[in-house]
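Here's the structure we're looking at; comments come further down.
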Amino acid sequence: MKNFFVAAITVLVAMTGFGQKYFTKGAQINFDATSPSSPEKIEGINRTATCVVDTKTGNMQFAALMKGFGFERALMEEHFNENYVESDKYPKAEFKGEIKNSDKVDFTKDGTYTVKIKGKLTMHGESKDVETDAKLTMQNGKIKATAELSVLLSDYKISIPGLVADKVSKTAKITVSCLLEPFKS
Amino acid sequence: MKRKNILRYIVLPLLVIGAAAAIYIYKEYNRKQKDTASLKPAYSVTASSLVSEFEANEKASNTKYLDKVIRVDGMVKQLEKDDKGFYTIILGDTASMLSVRCSIDSIHTSEVAAVKQGSVIAVKGICSGFNADEMLGSDVILVRSVVEF
């Protein structure tokens, strides 16, 4: 009987240990720098970003390889990598931060929540504090998360040449969407 | 006579050059990404040797493999389909935390149907780098990948 209790408690502890961390390696990040006057879309999509969220502490992070952004036009992708984000020199973009009000979210049952995210975004070798709202939807034990963020490209020392200033916006809209699964170690 | 010469030796060549430049700019501007299936791989490696190479020396491996077309042979650890219908084939040893994640080109989605978990296949893709992560396990990422048959 004693053994049974020990076993039961171990299982319980193990179960509560699960579901603290959620992750994906297939987060989608859209990088949209289309200026309002541009006749065409200037947008890169990355489907290979990783994301980890710790629901207990609210800590979260994203990592994306700059070369993983695909553009419709090959020339645009080359310019993005070579002239703008210099992905040979700075191969990765990273976000490290936290969900400010994660205690308001019940990760154990289905529902939709709006949370505040605050943290540091690093790209092109520059780190800046950013803040945004994210929508979390708990569904079947998984978290569907979407967020939108506007960044000023000059904050990250990314300069837009005058020649394309009418097409490439000075601010980029970054949209993130991912489906996070419980992490089992 | 003189006018004719000007026309023949100045105006006409300028027109030809202008037209050629216009065609070049138009083509270059509208250039699409090449279909990986039609590209020759620069390197042909196994999944396990590729990941260990990256883990041993990420910088040197980046110089060697980044933006290159690589053919990777390995066992299908897992096959993932995201909510938008995009496939990722994960190659590597089941016992290892290291993998090669091949994001499949959307125009080749239908070919993934033949891929089974546990089988040994070859995937051709463009290397976009190494994502090191101690908790989740590190990956070499291939984008615009196609399954080689």
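The values are calculated or read from the model by the stated rules, or taken from the named source; none is laboratory data. This one's a predicted model, so the numbers in the text were calculated from it and none came from an experiment. Glycine gets a Cβ as well: all are built from the backbone with ideal geometry, and neighbour counts include every protein chain shown.
Just a few scattered comments:
- Within the stretch B:47-62, the set of residues being more than 15 Å from the chain's Cα centre (by Cα) and closer than 17 Å to B:V143 by Cα comprises B:A47, B:L50, B:V51, B:F54, B:S61.
- The residue list B:Y9, B:Y26, B:Y87 contains one member that is outside the structural domain of B:M135 (by TED's automatic domain parsing), within 20 Å of A:F71 (Cα to Cα) and not charged (D, E, K, R), which is B:Y26.
- Any hit, the stretch A:52-62, residues being of a type in the set (A, V, I, L, M) and free of Cβ contacts under 8 Å to residues at least 40 places away in the same chain: no
- Residue count for the stretch A:19-32 satisfying the condition of being closer than 27 Å to A:E78 by Cβ and either within 12 Å of chain B (Cβ to nearest Cβ) or in contact with a helix residue (DSSP H, G or I) (Cβ under 7 Å, 6 or more places away or on another chain) (or both): 5.
- Residues satisfying the stated conditions in the stretch A:78-126, i.e. assigned to a strand (DSSP E or B) and of a type in the set (D, E): A:E94, A:E98, A:E126
Every residue, every condition in (1) away from chain B (no Cβ under 14 Å); (2) buried (at least 21 other Cβ atoms within 10 Å of the Cβ); (3) closer than 18 Å to B:G129 by Cα; (4) touching a Ser or Thr at 6+ places or on another chain (Cβ under 7 Å), yes or no:
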site: A:V53; (1), (2), (3), (4): no, yes, no, no
site: A:Q61; (1), (2), (3), (4): no, no, no, no
site: A:M66; (1), (2), (3), (4): no, yes, yes, yes
site: A:E72; (1), (2), (3), (4): no, no, no, no
site: A:E82; (1), (2), (3), (4): no, no, yes, no
site: A:K89; (1), (2), (3), (4): no, no, yes, no
site: A:D110; (1), (2), (3), (4): yes, no, no, no
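- Scan of the stretch B:28-60 for residues that are over 27 Å from B:A132 (Cβ atoms) and of a type in the set (D, E, K, R), ordered by number: B:E28, B:R31, B:K32, B:K34, B:D35, B:K40
- Listed by position, the strands (runs of 3 or more DSSP E) contained in the stretch B:32-120 that have at least 1 residues being within 14 Å of chain A (Cβ to nearest Cβ) are B:69-81, B:87-91, B:99-104.
- Among the residues of the stretch A:137-185, those that are away from chain B (no Cβ under 14 Å) and of a type in the set (S, T, N, Q) comprise A:S150, A:S154, A:S159, A:S169, A:T171.
- Taken as a whole, the condition of being of a type in the set (G, A, S), over 22 Å from A:N59 (Cα atoms) and surrounded by 14 or more Cβ atoms within 10 Å (Cβ to Cβ) does not apply to A:A134.
- Residue, modelled with the highest pLDDT, within the stretch B:121-149, restricted to residues that are under 17 Å from B:Q78 (Cα atoms), out of contact with any Lys or Arg (no Cβ under 6 Å at 6 or more places or on another chain) and within 8 Å of chain A (Cβ to nearest Cβ): B:V143
- Residues located in the stretch A:21-51, provided they are crowded, with 21+ Cβ neighbours inside 10 Å and among the hydroxyl-bearing types (S, T, Y): A:Y22, A:T24, A:T48, A:T50
- Lone unmet requirement of (1) in contact with a Leu (Cβ under 8 Å, 6 or more places away or on another chain); (2) in contact (Cβ under 8 Å) with a residue 24 or more places away in the chain; (3) closer than 16 Å to A:G68 by Cβ for B:I104: (1)
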